[in-house]
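K.L.:
Quick one: structure below, then a few questions.
The values are calculated or read from the model by the stated rules, or taken from the named source; none is laboratory data. Nothing here was measured: the structure is a model prediction, and the numbers come from that model. All Cβ positions, glycine included, derive from the backbone under ideal geometry; neighbour counts span all protein chains shown.
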Amino acid sequence: MQRRHRRRCVSFSRYGDAEEEEARVEERKEEEGGEGGFCYAAWRNVSGDILLERQGCWVHDCRGRSKCVESSSNPFVYFCCCDRDLCNVDFARRPRPHEVTQQPTPVARPVPTPVTLLSVTTPLLLLLLLPLSVWTYRRCRKLTHATTPPQEAVSLTALLPPLLLLDLRAGGRFGCVWRAQLLSEVVAVKIVQTVNQRLWQNEVDIFVTPGLSHHNLLQFIGAERREGNAEPEMWIITTFHERGSLCDHLKGSTLSWHELCHVGETLARGLAHLHRHMHGGKPAIAHRDLKSKNVLLRSDLSAVVADFGLALKLQPDCPPVDIPRVGTLRYMAPELLEGAICLQSDAFLHIDVYALGLVLWEIATRCMSSGGMLGEHRAPLVDEVGERPTLDELRHFVVDGNGRPAIREAWLKHPGLSQLCVTMEECWDQDAEARLSAHCVEERLAQLRTDPGLPAGSGGGGGGSGGTTAAPPPTTKAFSLGLLKQASLGLTGQALLGLTEQPPLGLTGQSTAG
Ligand code: ADE
(Lines give C-alpha, C1' and ligand atoms only; values in the text may rest on other atoms or scores of the structure.)
Protein backbone atom coordinates (compact mmCIF):
# COMPACT_ATOMS: atom_id res chain seq x y z
CA MET A 1 0.00 0.00 0.00
CA GLN A 2 1.30 3.40 -0.91
CA ARG A 3 2.04 5.52 2.12
CA ARG A 4 1.14 9.15 2.30
CA HIS A 5 4.21 11.27 2.78
CA ARG A 6 4.93 12.81 6.14
CA ARG A 7 2.94 16.02 6.26
CA ARG A 8 4.61 19.12 7.63
CA CYS A 9 2.26 21.26 9.64
CA VAL A 10 2.57 24.39 11.69
CA SER A 11 2.43 23.35 15.30
CA PHE A 12 1.21 25.55 18.11
CA SER A 13 -0.64 25.23 21.38
CA ARG A 14 -1.49 28.19 23.50
CA TYR A 15 -1.22 25.87 26.51
CA GLY A 16 2.43 25.27 25.80
CA ASP A 17 2.03 21.55 25.14
CA ALA A 18 2.35 21.50 21.35
CA GLU A 19 5.23 19.01 21.48
CA GLU A 20 3.37 16.52 23.65
CA GLU A 21 0.38 16.91 21.39
CA GLU A 22 2.50 16.19 18.32
CA ALA A 23 4.03 13.15 20.00
CA ARG A 24 0.56 11.79 20.65
CA VAL A 25 -0.45 12.38 17.05
CA GLU A 26 2.71 10.59 15.89
CA GLU A 27 1.76 7.64 18.07
CA ARG A 28 -1.71 7.60 16.53
CA LYS A 29 -0.19 7.77 13.05
CA GLU A 30 2.01 4.78 13.84
CA GLU A 31 -0.99 2.85 15.15
CA GLU A 32 -2.83 3.60 11.94
CA GLY A 33 0.01 2.47 9.73
CA GLY A 34 1.57 5.86 9.14
CA GLU A 35 -1.46 7.09 7.22
CA GLY A 36 -3.18 10.35 7.61
CA GLY A 37 -0.91 13.34 7.22
CA PHE A 38 -3.18 16.35 7.47
CA CYS A 39 -2.96 19.68 9.25
CA TYR A 40 -5.50 21.50 11.38
CA ALA A 41 -6.13 24.72 13.22
CA ALA A 42 -8.59 25.45 15.99
CA TRP A 43 -9.40 28.92 17.26
CA ARG A 44 -12.02 30.99 18.98
CA ASN A 45 -13.47 34.35 18.23
CA VAL A 46 -13.70 36.29 21.46
CA SER A 47 -15.60 39.51 20.74
CA GLY A 48 -13.92 39.84 17.38
CA ASP A 49 -10.43 38.92 18.61
CA ILE A 50 -9.02 35.72 17.18
CA LEU A 51 -7.69 33.49 19.92
CA LEU A 52 -5.69 30.64 18.43
CA GLU A 53 -6.04 27.46 20.47
CA ARG A 54 -3.99 24.89 18.58
CA GLN A 55 -2.38 24.05 15.25
CA GLY A 56 -0.78 20.78 14.33
CA CYS A 57 -1.03 17.47 12.51
CA TRP A 58 -4.36 15.76 12.12
CA VAL A 59 -4.77 12.03 11.66
CA HIS A 60 -8.31 11.87 10.34
CA ASP A 61 -9.22 12.09 6.71
CA CYS A 62 -9.20 15.61 5.35
CA ARG A 63 -8.38 14.90 1.71
CA GLY A 64 -9.03 17.35 -1.07
CA ARG A 65 -8.75 20.51 0.95
CA SER A 66 -5.85 22.68 0.01
CA LYS A 67 -6.82 25.47 2.39
CA CYS A 68 -7.79 25.43 6.01
CA VAL A 69 -11.31 26.82 5.93
CA GLU A 70 -14.01 26.51 8.57
CA SER A 71 -17.55 26.57 7.25
CA SER A 72 -19.79 26.69 10.27
CA SER A 73 -21.16 30.03 11.25
CA ASN A 74 -20.69 30.49 14.96
CA PRO A 75 -19.38 27.53 16.91
CA PHE A 76 -17.61 27.87 20.23
CA VAL A 77 -14.42 26.63 18.65
CA TYR A 78 -13.66 27.09 14.97
CA PHE A 79 -11.91 24.15 13.37
CA CYS A 80 -10.46 23.49 9.94
CA CYS A 81 -8.16 20.89 8.39
CA CYS A 82 -6.37 20.60 5.07
CA ASP A 83 -3.94 18.34 3.19
CA ARG A 84 -1.01 20.43 1.96
CA ASP A 85 2.29 21.00 3.70
CA LEU A 86 1.97 23.88 6.15
CA CYS A 87 -1.54 24.62 4.89
CA ASN A 88 -2.65 25.42 8.44
CA VAL A 89 -0.36 28.44 8.66
CA ASP A 90 -3.34 30.49 7.50
CA PHE A 91 -6.83 29.60 8.46
CA ALA A 92 -10.11 31.17 7.61
CA ARG A 93 -13.82 31.07 8.06
CA ARG A 94 -16.03 30.81 5.01
CA PRO A 95 -18.55 33.64 5.13
CA ARG A 96 -22.23 32.85 5.24
CA PRO A 97 -24.32 33.81 2.19
CA HIS A 98 -25.63 36.91 3.89
CA GLU A 99 -22.08 38.04 4.58
CA VAL A 100 -20.67 40.08 1.75
CA THR A 101 -17.28 38.88 0.56
CA GLN A 102 -16.78 36.03 -1.94
CA GLN A 103 -13.42 34.84 -0.63
CA PRO A 104 -13.05 33.08 2.66
CA THR A 105 -12.47 35.70 5.28
CA PRO A 106 -8.84 35.39 6.33
CA VAL A 107 -8.59 35.15 10.03
CA ALA A 108 -4.97 36.03 10.46
CA ARG A 109 -1.52 34.60 10.41
CA PRO A 110 -1.57 33.88 14.08
CA VAL A 111 0.84 35.31 16.52
CA PRO A 112 0.74 33.40 19.76
CA THR A 113 -1.23 35.54 22.13
CA PRO A 114 0.21 36.60 25.49
CA VAL A 115 -0.79 34.61 28.48
CA THR A 116 -4.18 35.83 29.51
CA LEU A 117 -6.44 34.87 32.31
CA LEU A 118 -8.04 32.32 30.07
CA SER A 119 -4.79 30.54 29.46
CA VAL A 120 -4.84 29.11 32.97
CA THR A 121 -7.63 26.84 31.85
CA THR A 122 -6.41 23.42 30.87
CA PRO A 123 -5.66 22.21 27.37
CA LEU A 124 -8.80 20.21 27.71
CA LEU A 125 -10.89 23.33 27.20
CA LEU A 126 -10.64 22.70 23.51
CA LEU A 127 -11.43 19.06 23.95
CA LEU A 128 -14.48 19.96 25.99
CA LEU A 129 -15.73 22.63 23.69
CA LEU A 130 -15.41 20.75 20.43
CA PRO A 131 -18.34 18.39 20.88
CA LEU A 132 -20.48 21.34 21.76
CA SER A 133 -19.27 23.22 18.72
CA VAL A 134 -20.09 20.25 16.53
CA TRP A 135 -23.43 19.92 18.22
CA THR A 136 -24.12 23.63 17.81
CA TYR A 137 -22.97 23.42 14.24
CA ARG A 138 -25.25 20.52 13.48
CA ARG A 139 -28.21 22.28 14.99
CA CYS A 140 -27.42 25.29 12.82
CA ARG A 141 -27.04 23.00 9.84
CA LYS A 142 -30.46 21.52 10.39
CA LEU A 143 -31.98 24.95 10.63
CA THR A 144 -30.15 26.42 7.67
CA HIS A 145 -30.29 23.56 5.20
CA ALA A 146 -33.56 24.59 3.63
CA THR A 147 -32.61 28.16 3.00
CA THR A 148 -28.93 27.99 2.06
CA PRO A 149 -27.82 27.60 -1.55
CA PRO A 150 -26.63 24.10 -2.61
CA GLN A 151 -22.91 24.98 -2.69
CA GLU A 152 -23.05 26.12 0.88
CA ALA A 153 -24.90 22.97 1.90
CA VAL A 154 -22.20 20.80 0.28
CA SER A 155 -19.38 22.54 2.06
CA LEU A 156 -21.25 22.23 5.33
CA THR A 157 -21.89 18.52 5.05
CA ALA A 158 -18.24 17.98 4.22
CA LEU A 159 -17.13 19.30 7.58
CA LEU A 160 -14.95 16.80 9.36
CA PRO A 161 -16.50 15.49 12.53
CA PRO A 162 -13.80 15.62 15.15
CA LEU A 163 -15.05 12.53 16.97
CA LEU A 164 -13.96 9.13 15.68
CA LEU A 165 -15.34 5.88 17.12
CA LEU A 166 -12.43 3.44 17.60
CA ASP A 167 -13.72 0.27 19.23
CA LEU A 168 -16.70 -1.07 21.08
CA ARG A 169 -15.96 -1.49 24.79
CA ALA A 170 -19.24 -2.43 26.42
CA GLY A 171 -22.68 -3.36 25.27
CA GLY A 172 -25.99 -3.70 26.99
CA ARG A 173 -29.64 -3.33 26.35
CA PHE A 174 -29.44 0.41 26.98
CA GLY A 175 -26.99 0.78 24.07
CA CYS A 176 -23.20 0.55 23.98
CA VAL A 177 -19.99 2.30 24.94
CA TRP A 178 -17.22 3.06 22.45
CA ARG A 179 -13.65 4.15 22.92
CA ALA A 180 -13.33 7.19 20.66
CA GLN A 181 -10.84 9.80 19.55
CA LEU A 182 -11.49 13.50 20.04
CA LEU A 183 -8.55 15.44 18.66
CA SER A 184 -5.66 13.62 20.29
CA GLU A 185 -7.60 12.61 23.38
CA VAL A 186 -9.28 9.27 23.94
CA VAL A 187 -12.84 9.60 25.23
CA ALA A 188 -15.79 7.28 25.85
CA VAL A 189 -18.96 7.61 23.78
CA LYS A 190 -22.11 6.01 25.10
CA ILE A 191 -24.61 5.50 22.33
CA VAL A 192 -28.16 5.15 23.54
CA GLN A 193 -30.93 3.97 21.25
CA THR A 194 -33.97 6.16 20.75
CA VAL A 195 -36.17 3.78 22.73
CA ASN A 196 -34.07 4.71 25.73
CA GLN A 197 -34.15 8.41 25.01
CA ARG A 198 -35.45 9.18 28.50
CA LEU A 199 -32.42 7.48 30.04
CA TRP A 200 -30.16 9.63 27.88
CA GLN A 201 -32.05 12.78 28.71
CA ASN A 202 -32.01 11.98 32.41
CA GLU A 203 -28.30 11.13 32.42
CA VAL A 204 -27.40 14.38 30.69
CA ASP A 205 -29.63 16.29 33.07
CA ILE A 206 -27.79 14.72 36.01
CA PHE A 207 -24.37 15.36 34.45
CA VAL A 208 -25.06 19.08 34.02
CA THR A 209 -26.16 19.53 37.64
CA PRO A 210 -24.03 22.36 39.06
CA GLY A 211 -21.60 21.06 41.68
CA LEU A 212 -21.76 17.44 40.50
CA SER A 213 -18.20 17.20 39.24
CA HIS A 214 -16.04 14.97 41.44
CA HIS A 215 -12.94 12.83 41.02
CA ASN A 216 -14.92 9.69 41.79
CA LEU A 217 -17.86 10.39 39.49
CA LEU A 218 -17.62 9.94 35.74
CA GLN A 219 -16.62 13.20 34.04
CA PHE A 220 -19.01 14.53 31.45
CA ILE A 221 -17.66 16.06 28.24
CA GLY A 222 -20.69 16.56 26.03
CA ALA A 223 -23.85 15.09 24.57
CA GLU A 224 -25.60 15.22 21.27
CA ARG A 225 -28.35 13.71 19.19
CA ARG A 226 -26.94 12.23 16.01
CA GLU A 227 -28.76 11.22 12.91
CA GLY A 228 -27.67 7.56 12.66
CA ASN A 229 -28.11 5.32 9.63
CA ALA A 230 -31.52 4.02 10.57
CA GLU A 231 -32.71 6.13 13.46
CA PRO A 232 -31.32 8.98 15.55
CA GLU A 233 -28.79 8.03 18.21
CA MET A 234 -28.23 9.76 21.51
CA TRP A 235 -24.58 10.18 22.41
CA ILE A 236 -22.95 10.95 25.73
CA ILE A 237 -19.27 11.74 25.68
CA THR A 238 -17.27 11.24 28.89
CA THR A 239 -13.72 10.57 29.96
CA PHE A 240 -12.48 7.11 29.09
CA HIS A 241 -11.14 4.65 31.66
CA GLU A 242 -8.98 1.97 30.10
CA ARG A 243 -9.45 -0.55 32.92
CA GLY A 244 -13.20 -0.64 32.31
CA SER A 245 -15.68 -1.65 35.00
CA LEU A 246 -15.04 -2.94 38.51
CA CYS A 247 -17.01 -6.05 37.54
CA ASP A 248 -14.65 -6.77 34.62
CA HIS A 249 -11.66 -6.11 36.84
CA LEU A 250 -12.84 -8.53 39.51
CA LYS A 251 -13.43 -11.17 36.85
CA GLY A 252 -9.83 -10.92 35.65
CA SER A 253 -7.84 -9.94 38.75
CA THR A 254 -7.58 -10.25 42.49
CA LEU A 255 -6.93 -7.43 44.95
CA SER A 256 -4.56 -6.95 47.86
CA TRP A 257 -5.96 -5.72 51.19
CA HIS A 258 -4.70 -2.22 50.46
CA GLU A 259 -6.24 -2.23 46.99
CA LEU A 260 -9.53 -3.45 48.40
CA CYS A 261 -9.60 -0.55 50.85
CA HIS A 262 -8.67 1.93 48.12
CA VAL A 263 -11.39 0.75 45.71
CA GLY A 264 -13.99 0.65 48.49
CA GLU A 265 -13.06 4.01 49.96
CA THR A 266 -13.06 5.84 46.62
CA LEU A 267 -16.31 4.19 45.57
CA ALA A 268 -17.96 5.28 48.83
CA ARG A 269 -16.47 8.76 48.36
CA GLY A 270 -18.02 9.08 44.89
CA LEU A 271 -21.38 7.89 46.16
CA ALA A 272 -21.16 10.21 49.19
CA HIS A 273 -20.61 13.16 46.88
CA LEU A 274 -23.55 12.13 44.72
CA HIS A 275 -25.72 11.86 47.86
CA ARG A 276 -24.54 15.16 49.33
CA HIS A 277 -26.99 18.02 49.43
CA MET A 278 -25.13 21.31 49.26
CA HIS A 279 -27.20 24.18 50.58
CA GLY A 280 -27.80 26.60 47.76
CA GLY A 281 -25.96 24.22 45.47
CA LYS A 282 -26.11 20.65 44.35
CA PRO A 283 -29.16 18.60 45.38
CA ALA A 284 -28.76 15.12 46.85
CA ILE A 285 -28.88 12.61 44.01
CA ALA A 286 -29.73 8.93 44.31
CA HIS A 287 -28.00 6.64 41.80
CA ARG A 288 -30.64 3.89 41.82
CA ASP A 289 -28.57 1.39 39.85
CA LEU A 290 -25.35 0.99 41.80
CA LYS A 291 -23.55 -2.27 40.92
CA SER A 292 -20.04 -3.35 40.03
CA LYS A 293 -20.80 -2.96 36.30
CA ASN A 294 -21.60 0.70 36.86
CA VAL A 295 -18.32 1.47 38.61
CA LEU A 296 -15.26 2.16 36.47
CA LEU A 297 -11.65 1.96 37.63
CA ARG A 298 -8.88 4.43 36.94
CA SER A 299 -5.38 3.13 36.35
CA ASP A 300 -4.55 3.68 40.05
CA LEU A 301 -7.61 1.59 40.94
CA SER A 302 -9.61 4.51 42.24
CA ALA A 303 -13.30 4.08 41.56
CA VAL A 304 -15.44 6.22 39.26
CA VAL A 305 -19.20 5.91 39.65
CA ALA A 306 -20.87 5.88 36.24
CA ASP A 307 -24.21 5.44 34.52
CA PHE A 308 -26.65 8.03 35.77
CA GLY A 309 -29.50 6.98 33.48
CA LEU A 310 -31.75 6.16 36.43
CA ALA A 311 -30.37 8.71 38.89
CA LEU A 312 -32.84 10.95 40.64
CA LYS A 313 -32.41 14.44 42.10
CA LEU A 314 -34.02 14.55 45.53
CA GLN A 315 -35.97 17.51 46.81
CA PRO A 316 -35.35 18.12 50.52
CA ASP A 317 -38.40 18.16 52.78
CA CYS A 318 -40.53 16.70 50.08
CA PRO A 319 -43.62 14.75 51.03
CA PRO A 320 -43.25 10.98 50.77
CA VAL A 321 -43.36 9.67 47.25
CA ASP A 322 -44.10 6.36 45.63
CA ILE A 323 -40.92 4.45 44.92
CA PRO A 324 -40.96 2.80 41.55
CA ARG A 325 -39.01 -0.44 41.38
CA VAL A 326 -36.15 0.56 39.11
CA GLY A 327 -32.59 -0.73 39.10
CA THR A 328 -31.08 -4.19 38.83
CA LEU A 329 -33.00 -6.89 40.67
CA ARG A 330 -30.00 -8.59 42.29
CA TYR A 331 -28.84 -5.37 43.97
CA MET A 332 -32.31 -4.30 45.13
CA ALA A 333 -32.91 -3.52 48.79
CA PRO A 334 -35.63 -5.48 50.60
CA GLU A 335 -37.96 -2.48 50.75
CA LEU A 336 -37.84 -2.24 46.94
CA LEU A 337 -38.35 -5.97 46.45
CA GLU A 338 -41.24 -5.73 48.85
CA GLY A 339 -42.78 -3.00 46.74
CA ALA A 340 -42.71 -0.32 49.41
CA ILE A 341 -44.68 2.78 48.67
CA CYS A 342 -44.67 6.30 50.02
CA LEU A 343 -41.16 6.72 51.31
CA GLN A 344 -39.29 9.88 52.29
CA SER A 345 -36.70 11.00 49.77
CA ASP A 346 -33.86 9.79 52.02
CA ALA A 347 -35.12 6.28 51.36
CA PHE A 348 -33.54 6.44 47.91
CA LEU A 349 -30.14 6.99 49.52
CA HIS A 350 -30.60 4.03 51.89
CA ILE A 351 -31.39 1.89 48.83
CA ASP A 352 -28.07 2.92 47.23
CA VAL A 353 -26.19 2.08 50.43
CA TYR A 354 -27.70 -1.41 50.45
CA ALA A 355 -26.27 -1.91 46.94
CA LEU A 356 -22.92 -0.48 48.15
CA GLY A 357 -22.82 -3.22 50.79
CA LEU A 358 -23.25 -5.86 48.09
CA VAL A 359 -20.49 -4.32 45.96
CA LEU A 360 -18.14 -4.31 49.00
CA TRP A 361 -18.91 -7.99 49.47
CA GLU A 362 -18.11 -8.60 45.80
CA ILE A 363 -14.75 -6.84 46.21
CA ALA A 364 -13.98 -8.86 49.36
CA THR A 365 -14.53 -12.12 47.49
CA ARG A 366 -11.56 -11.26 45.28
CA CYS A 367 -9.20 -10.18 48.04
CA MET A 368 -6.06 -12.31 48.22
CA SER A 369 -5.39 -11.28 51.80
CA SER A 370 -8.19 -13.37 53.28
CA GLY A 371 -5.94 -16.40 52.95
CA GLY A 372 -8.91 -18.53 51.92
CA MET A 373 -9.44 -20.09 48.51
CA LEU A 374 -10.46 -17.57 45.90
CA GLY A 375 -12.92 -18.83 43.36
CA GLU A 376 -13.96 -17.00 40.25
CA HIS A 377 -15.75 -13.71 40.57
CA ARG A 378 -19.44 -14.20 41.26
CA ALA A 379 -22.15 -11.60 41.46
CA PRO A 380 -23.70 -11.22 44.93
CA LEU A 381 -26.34 -13.79 45.86
CA VAL A 382 -25.58 -16.08 42.92
CA ASP A 383 -24.78 -18.89 45.36
CA GLU A 384 -28.03 -18.30 47.18
CA VAL A 385 -30.55 -17.56 44.42
CA GLY A 386 -28.76 -18.52 41.21
CA GLU A 387 -27.88 -16.64 38.03
CA ARG A 388 -31.35 -15.52 37.03
CA PRO A 389 -33.60 -15.26 40.04
CA THR A 390 -37.17 -14.10 39.65
CA LEU A 391 -38.50 -11.26 41.72
CA ASP A 392 -40.40 -13.75 43.85
CA GLU A 393 -37.30 -15.87 44.49
CA LEU A 394 -35.28 -12.84 45.53
CA ARG A 395 -38.10 -11.48 47.65
CA HIS A 396 -38.41 -14.81 49.40
CA PHE A 397 -34.70 -14.97 50.17
CA VAL A 398 -33.95 -11.29 50.95
CA VAL A 399 -37.23 -10.06 52.46
CA ASP A 400 -38.87 -13.10 54.05
CA GLY A 401 -35.70 -14.92 55.02
CA ASN A 402 -33.57 -11.78 55.67
CA GLY A 403 -30.89 -13.49 53.57
CA ARG A 404 -27.69 -11.80 52.47
CA PRO A 405 -24.48 -12.88 50.70
CA ALA A 406 -22.47 -15.31 52.84
CA ILE A 407 -19.66 -13.96 54.99
CA ARG A 408 -16.72 -16.37 54.61
CA GLU A 409 -15.00 -17.80 57.65
CA ALA A 410 -11.58 -16.84 56.39
CA TRP A 411 -12.62 -13.18 56.36
CA LEU A 412 -13.36 -13.23 60.06
CA LYS A 413 -9.82 -14.37 60.81
CA HIS A 414 -8.39 -11.35 58.99
CA PRO A 415 -8.29 -8.30 61.28
CA GLY A 416 -9.21 -5.87 58.49
CA LEU A 417 -11.68 -7.99 56.56
CA SER A 418 -13.57 -8.83 59.73
CA GLN A 419 -14.10 -5.10 60.32
CA LEU A 420 -15.14 -4.69 56.70
CA CYS A 421 -17.76 -7.38 57.25
CA VAL A 422 -19.28 -5.30 60.04
CA THR A 423 -19.48 -2.34 57.65
CA MET A 424 -21.06 -4.46 54.89
CA GLU A 425 -23.67 -5.71 57.33
CA GLU A 426 -24.44 -2.18 58.44
CA CYS A 427 -24.92 -1.24 54.78
CA TRP A 428 -27.40 -3.97 54.05
CA ASP A 429 -29.38 -3.80 57.30
CA GLN A 430 -33.02 -4.85 56.85
CA ASP A 431 -34.02 -1.63 58.58
CA ALA A 432 -33.25 0.93 55.87
CA GLU A 433 -32.93 3.81 58.30
CA ALA A 434 -30.36 1.94 60.37
CA ARG A 435 -27.98 1.69 57.38
CA LEU A 436 -24.76 3.68 57.31
CA SER A 437 -24.43 6.75 55.12
CA ALA A 438 -22.08 6.54 52.15
CA HIS A 439 -19.93 9.15 53.86
CA CYS A 440 -19.61 6.99 56.95
CA VAL A 441 -18.57 4.01 54.80
CA GLU A 442 -15.92 6.20 53.20
CA GLU A 443 -14.54 7.18 56.61
CA ARG A 444 -14.53 3.60 57.86
CA LEU A 445 -12.61 2.41 54.83
CA ALA A 446 -10.14 5.29 55.07
CA GLN A 447 -9.53 4.26 58.68
CA LEU A 448 -9.01 0.63 57.71
CA ARG A 449 -6.65 1.62 54.90
CA THR A 450 -4.47 3.71 57.19
CA ASP A 451 -4.67 1.55 60.32
CA PRO A 452 -1.05 0.86 61.35
CA GLY A 453 -2.21 -2.40 62.88
CA LEU A 454 -3.24 -3.53 59.40
CA PRO A 455 -0.17 -3.21 57.21
CA ALA A 456 -0.66 -3.52 53.48
CA GLY A 457 -0.93 -7.18 52.64
CA SER A 458 -1.84 -8.19 56.20
CA GLY A 459 -3.35 -11.62 56.38
CA GLY A 460 -0.76 -13.12 54.12
CA GLY A 461 -2.06 -12.03 50.72
CA GLY A 462 -0.39 -9.36 48.69
CA GLY A 463 -0.91 -7.47 45.49
CA GLY A 464 -3.04 -9.76 43.42
CA SER A 465 -3.63 -7.65 40.37
CA GLY A 466 -0.30 -7.91 38.71
CA GLY A 467 1.65 -5.39 40.73
CA THR A 468 -0.92 -2.62 40.76
CA THR A 469 -0.54 -0.56 43.87
CA ALA A 470 -3.19 1.80 45.04
CA ALA A 471 -1.56 5.19 45.00
CA PRO A 472 -3.25 8.24 46.47
CA PRO A 473 -5.61 9.68 43.89
CA PRO A 474 -3.96 12.15 41.54
CA THR A 475 -5.35 15.64 41.52
CA THR A 476 -8.42 15.94 39.37
CA LYS A 477 -7.82 17.24 35.88
CA ALA A 478 -9.24 20.72 36.01
CA PHE A 479 -11.90 20.22 33.39
CA SER A 480 -13.49 23.47 32.36
CA LEU A 481 -16.98 22.18 32.26
CA GLY A 482 -18.49 25.45 33.33
CA LEU A 483 -19.05 26.73 29.82
CA LEU A 484 -20.45 23.49 28.62
CA LYS A 485 -22.76 23.24 31.55
CA GLN A 486 -23.91 26.81 31.24
CA ALA A 487 -24.91 26.06 27.70
CA SER A 488 -26.87 23.23 29.32
CA LEU A 489 -27.67 21.71 25.97
CA GLY A 490 -31.19 23.01 26.04
CA LEU A 491 -32.25 20.16 28.24
CA THR A 492 -35.09 20.32 30.65
CA GLY A 493 -34.43 19.64 34.31
CA GLN A 494 -36.99 16.88 34.49
CA ALA A 495 -36.56 13.93 36.78
CA LEU A 496 -37.24 10.53 35.43
CA LEU A 497 -39.57 8.07 37.03
CA GLY A 498 -40.87 4.73 35.96
CA LEU A 499 -38.37 3.67 33.36
CA THR A 500 -38.76 0.26 31.88
CA GLU A 501 -35.19 -0.74 31.13
CA GLN A 502 -34.28 -4.45 31.39
CA PRO A 503 -31.70 -4.58 32.85
CA PRO A 504 -31.84 -2.47 34.87
CA LEU A 505 -35.29 -3.38 35.95
CA GLY A 506 -38.20 -1.16 35.10
CA LEU A 507 -41.55 -0.87 36.74
CA THR A 508 -42.74 -4.26 35.79
CA GLY A 509 -40.79 -6.19 38.38
CA GLN A 510 -39.55 -8.93 36.08
CA SER A 511 -36.32 -10.66 36.94
CA THR A 512 -33.05 -9.84 35.27
CA ALA A 513 -29.67 -11.44 35.32
CA GLY A 514 -28.27 -8.39 37.11
N1 ADE B 1 -17.53 1.50 30.00
C2 ADE B 1 -18.57 2.32 30.23
N3 ADE B 1 -18.15 3.59 30.34
C4 ADE B 1 -16.81 3.58 30.17
C5 ADE B 1 -15.80 4.58 30.20
N6 ADE B 1 -16.11 5.86 30.41
N7 ADE B 1 -14.54 4.22 30.03
C8 ADE B 1 -14.26 2.92 29.83
N9 ADE B 1 -15.14 1.94 29.78
C10 ADE B 1 -16.41 2.25 29.96
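K.L.:
Give the residues of region 400-414 that are closer than 24 Å to SER256 by Cα and surrounded by fewer than 15 Cβ atoms within 10 Å (Cβ to Cβ), sorted by residue number.
P.N.:
Once the filter is applied, which keeps residues that are closer than 24 Å to SER256 by Cα and surrounded by fewer than 15 Cβ atoms within 10 Å (Cβ to Cβ), region 400-414 yields ALA406, GLU409, LEU412, LYS413.
K.L.:
Now for a separate question. If you scan region 367-399, which residues turn out to be under 29 Å from the mean Cα position of the chain (by Cα), surrounded by fewer than 21 Cβ atoms within 10 Å (Cβ to Cβ) and either more than 15 Å from THR328 (Cβ to Cβ) or modelled with pLDDT under 95 (or both)?
P.N.:
The answer is GLU376, HIS377, ARG378, GLU387, ARG388.
K.L.:
Does at least one position in region 190-212 carry a residue that is crowded, with 23+ Cβ neighbours inside 10 Å, within 14 Å of the ligand (Cβ to nearest atom), at pLDDT 90 or above and within 30 Å of CYS57 (Cβ to Cβ)?
P.N.:
Taking every residue of region 190-212 in turn, at least one turns out to be crowded, with 23+ Cβ neighbours inside 10 Å, within 14 Å of the ligand (Cβ to nearest atom), at pLDDT 90 or above and within 30 Å of CYS57 (Cβ to Cβ).
K.L.:
Here is a further query. Of all residues being aliphatic (A, V, I, L, M) and surrounded by 20 or more Cβ atoms within 10 Å (Cβ to Cβ) in region 213-236, which is nearest to the chain's Cα centre (by Cα)? Just the residue, please.
P.N.:
Restricting to residues being aliphatic (A, V, I, L, M) and surrounded by 20 or more Cβ atoms within 10 Å (Cβ to Cβ), the top hit is LEU218.
K.L.:
Just to verify a result, which residue in region 243-273, among those that are surrounded by fewer than 23 Cβ atoms within 10 Å (Cβ to Cβ) and under 20 Å from ILE285 (Cβ atoms), is nearest to the chain's Cα centre (by Cα)?
P.N.:
HIS273
K.L.:
Of the numbered conditions (1) within 16 Å of the ligand (Cβ to nearest atom); (2) surrounded by fewer than 19 Cβ atoms within 10 Å (Cβ to Cβ), GLY281 satisfies every one except a single condition; which is it?
P.N.:
(1)
K.L.:
Also, quick follow-up: Given the conditions (1) more than 16 Å from the ligand (Cβ to nearest atom); (2) in a strand (DSSP E or B), which single one is not true for ILE236?
P.N.:
(1)
K.L.:
While we're looking at this one, here's another question. Considering HIS258, HIS249, HIS241, which residue is within 13 Å of the ligand (Cβ to nearest atom), in contact (Cβ under 8 Å) with a residue 12 or more places away in the chain and part of a helix (DSSP H, G or I)?
P.N.:
Going through HIS258, HIS249, HIS241 in turn, the sole match is HIS249.
K.L.:
A follow-up question, please. Scan (1) within 20 Å of LYS293 (Cβ to Cβ); (2) more than 12 Å from the ligand (Cβ to nearest atom) for the single condition ARG179 breaks and write down its number.
P.N.:
Among (1) within 20 Å of LYS293 (Cβ to Cβ); (2) more than 12 Å from the ligand (Cβ to nearest atom), the lone unmet condition for ARG179 is (2).
K.L.:
Any residue at all in region 292-306 that is more than 16 Å from the ligand (Cβ to nearest atom), on the phi < 0 side of the Ramachandran plot and either of a type in the set (Phe, Trp, Tyr) or at pLDDT 95 or above (or both)?
P.N.:
no
K.L.:
Any chance you could count how many residues in region 213-226 are in contact with a Phe, Trp or Tyr (Cβ under 8 Å, 6 or more places away or on another chain) and more than 14 Å from the ligand (Cβ to nearest atom)?
P.N.:
4
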